[in-house]
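Heads up, the thing below is written out as structure tokens.
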Amino acid sequence: MPITLGCPSCGKRFRARDESAGKRVKCPFCQAAVPVPTADEAHAAGAPTEVVADPPAGPPGGSLATLMFDESAPPLPPPRPRPRPGPASGPSAPPPVRPKAAPVPAATAADWGAADPPPGPAFSLLADDAPDPASPAAFTPGRLPPRREPAARPGRAAPAGPPQDALVGAWRKARGGLFWVQFALFWFALLGAIPFGKMVYERAVGELPKGEGWVKIDGYVNADGPDTVRVSKTEEIDLLAYGVPVLLGGLALVFGRLTAGAAPRNSGAKGLFAFSALATLIALAGVVTVVVCGKIGFGQVGGYASLAAMVGGGLGEFWFLLALAAAGATVRRPAAVRAVGFFALVVGLAVVVVTAGWDAYLKYGSELGVPKPKDADWLFYEAAVKMIGWVLVVGVYSRAVSAVRRAVREFVEDTTDGKAA
């Protein structure tokens, strides 16, 4: 039967089960620990213990209500005052030695009438192998329970894997884009060999075909009428020889740089790759416009297109080199960064040779034995040197791109424990 007792902290009364005798229960009002005396301890301490009848059966879950404050319960009688000992006429006796009370175990919630928890899995913020929250080990200072990964929200799929999977996938896409850049450089390398190839054909076979072109389109190209465009066979050969590499190489370059923009954002190369692709597209459109406008007589529009081609090409190459260096530095491969820096040095030397060096060659070449006017053999040697210089520059460019691709592949293999990139 429940035992009525008073809380020494807040002064309110509540009831506890008789099974809680000799234990400590929490006051339902102030949460203070209140010892529940046994019948013998209550009699020895002078604190009356009132045994009340069980409350009538109520609806499920009403057992907690029996512990609440009951205004209708009779008040507890005041404690009897203890008599104070008077002055002793003889020698005072030593005070009695009271045995130390054994520690009282803490009572559970069920001891003072709390309802049993509902069946089913209990919610916990701790991991499955974490200690019981009620045990002292769970609250050891400086020790935190292991972190549990949050569960997926309803209607939303759980992540497919660790964050490094997305990082590896982004670098793989960027590496694929750099492959297309190398493919474009192959076509651009052919551009430097076209003048030399034409001279080889003329020395071995004869002059290139001349006269009216083979392509005829009524009303537009090589047709009768004042507004038609006249194209010779030599121009058609040049258009085919230069146009195919420029279009194929330019489109592959734009696609490759745009695909390389899939690099992770934290590398700093993502936006640079994307901007270089946009500038390259502008330069490619400018080159095509210059050729078309120069043939149909729109000189002013061709001038604007030429300016757009130069600015777009310069910005595209500058941003792309920065992106290559950023990618090599992010994957921590100094060799790739050095390869990009070496290409920048070669480009700087090539610009000096093409501008100041060529002017000095034309001005002081005759003093070094250059014939004036130049004969066919000397022009042939000049074309060969130009081709070699152009191929070397493009080759160093391709070497820098290949070094970054190799660095990305090694980084992916290291991250995925040796799996192929």
Test: ALA356 is among the hydrophobic types (A, V, I, L, M, F, W, C), within 30 Å of TRP180 (Cβ to Cβ) and either assigned to a helix (DSSP H, G or I) or in contact (Cβ under 8 Å) with a residue 12 or more places away in the chain (or both): no
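Taking VAL396 as the residue in question, decide whether it is aliphatic (A, V, I, L, M), part of a helix (DSSP H, G or I) and within 15 Å of LEU178 (Cβ to Cβ). Explain how you work it out, then say what you get.
Numbers: aliphatic (A, V, I, L, M): yes; part of a helix (DSSP H, G or I): yes; within 15 Å of LEU178 (Cβ to Cβ): no.
So VAL396 does not fit the description; no.
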Residue in segment 283-290 that is assigned by TED's automatic domain parsing to the domain that holds VAL311, under 26 Å from LYS173 (Cα atoms) and buried (at least 21 other Cβ atoms within 10 Å of the Cβ) present: yes
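Against the definition (over 30 Å from VAL408 (Cα atoms) and either touching a residue at least 60 places away in the same chain (Cβ under 8 Å) or outside the structural domain of VAL231 (by TED's automatic domain parsing) (or both)), how does LYS295 come out, yes or no? So that I can check it myself, show each step before the final result.
Numbers: over 30 Å from VAL408 (Cα atoms): yes; either touching a residue at least 60 places away in the same chain (Cβ under 8 Å) or outside the structural domain of VAL231 (by TED's automatic domain parsing) (or both): yes.
Answer is yes for this residue.
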Pairs with Cβ under 7 Å, 6+ apart, first in segment 189-216 and on the phi > 0 side of the Ramachandran plot, second surrounded by 17 or more Cβ atoms within 10 Å (Cβ to Cβ) and not in a loop (DSSP other than H, G, I, E, B): none
Flag for VAL353 being at pLDDT 95 or above, closer than 24 Å to LEU190 by Cβ and among the β-branched types (Val, Ile, Thr): no
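The values are calculated or read from the model by the stated rules, or taken from the named source; none is laboratory data. For clarity, every value in this text was computed on a predicted model and none was experimentally measured. Glycine also receives a Cβ, built like all others from the backbone with ideal geometry; neighbour counts cover every protein chain displayed.
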